[in-house]
1. To the nearest 10 degrees, how steeply does helix 62-92 sit against the main Cα axis of the chain, on a 0 to 90 scale?
2. Residue by residue through the range 51-61, what is 3J(HN,Hα) from phi via Karplus (6.51 cos²θ - 1.76 cosθ + 1.60, θ = phi - 60°)? Round to whole Hz and write x for glycine and proline.
3. Suppose each label sits 7 Å from its Cα in the direction of the beta carbon; what would the Leu151-Ala87 distance come out to in nanometres?
4. 7 Å from Cα along Cα→Cβ at both Leu160 and Leu49: what's the point-to-point distance in nm?
5. Can you list the equivalent-ellipsoid semi-axes of the range 16-163, largest first and in whole Å, using the square root of 5 times each Cα gyration tensor eigenvalue?
6. Could you please rank Phe53, Phe126, Phe47, placing first whichever residue has the fewest other Cβ atoms within 10 Å of its Cβ?
7. When Lys and Arg each count +1 and Asp and Glu each count -1, what net charge do the other residues less than 13 Å away from Ala137, Cβ to Cβ, add up to?
8. For helix 19-50, report the angle its Cα long axis makes with the longest principal axis of the Cα atoms of the chain; keep it between 0 and 90° and round to the nearest 10°.
Amino acid sequence: MCPVGDDQQKTDGGRDETEEERLDRKWDDLLQELRVMQTGVQLLAGFLLTLPFQGPFADLDDLQRRLYLALVVIAALTTAMVMAPIAVHRRLSGLHVKERLVVTAHAMVAGVLTGIALLITGMVVFIFDVVVDRSIALSMGGGVALVLLALLVVLPNTLLGRHD
């Protein structure tokens with residue numbers, strides 16, 4: 001039995017599929033989710049990579065530069081997490097360990113969602129700090145972080161609770 005999605009056994013129970021078919025379906029679902037997230041990460045990373053080549057970038061204070069560099073590192077690590085399941089799949093393909101692949105990809109998706117949430121929050125703080133001021137930047141970043149927490153953690157858990 002695949003440990004990923006055991007909380008979904010009630011919904012999977014209505015399907016007429018073998019364990020292998022179930023794992024294939026879960027792998028395909030994870031791949032689709034990773035494709036969507038990859039586009040978002042690429043857009044955010046691309047935005048970040050253009051900033052140092054803009055004239056006003058030289059006017060950033062020390063904290064703004066450190067935040068920018070932290071965001072570049074988060075973008076790089078998030079990109080790596082998007083790519084990792086594919087690399088693992090390429091290496092393990094044909095070895096009949098799809099359950100391990102699905103479990104690993106599931107963990108990577110959680111990491112990617114966390115990375116994207118950090119990127120979005122950090123970029124809001126960075127942009128508001130540069131354009132307005134630090135106190136408003138921190139308030140806006142906190143607000144965005146709360147909305148992301150509600151959408152990415154609270155909402156799915158609420159829906160799961162209603163399903164039980």
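1. 20 degrees
2. 4, x, 8, 9, x, x, 4, 5, 8, 5, 7
3. Computed distance between label sites Leu151 and Ala87 equals 2.9 nm.
4. Taking the simple label geometry, Leu160 and Leu49 are separated by 3.5 nm.
5. On the way: eigenvalues 254, 77, 18 Å².
They are 36, 20, 9 Å, listed from largest to smallest.
6. Values: Phe53 7, Phe126 21, Phe47 14.
Starting with the residue having the fewest Cβ neighbours, the order is Phe53, Phe47, Phe126.
7. Details: positive: Arg134; negative: Asp61, Asp129, Asp133.
Every neighbour counted, the sum reads -2.
8. The angle comes out at about 10 degrees.
The numbers here are math on the coordinates, done by the rules we state, and not lab data. Just so it is clear, the structure is predicted and the values come from calculations on it, not from any experiment. Note that each Cβ is placed from the backbone with ideal geometry, even for glycine, and that neighbours are counted across all protein chains shown.
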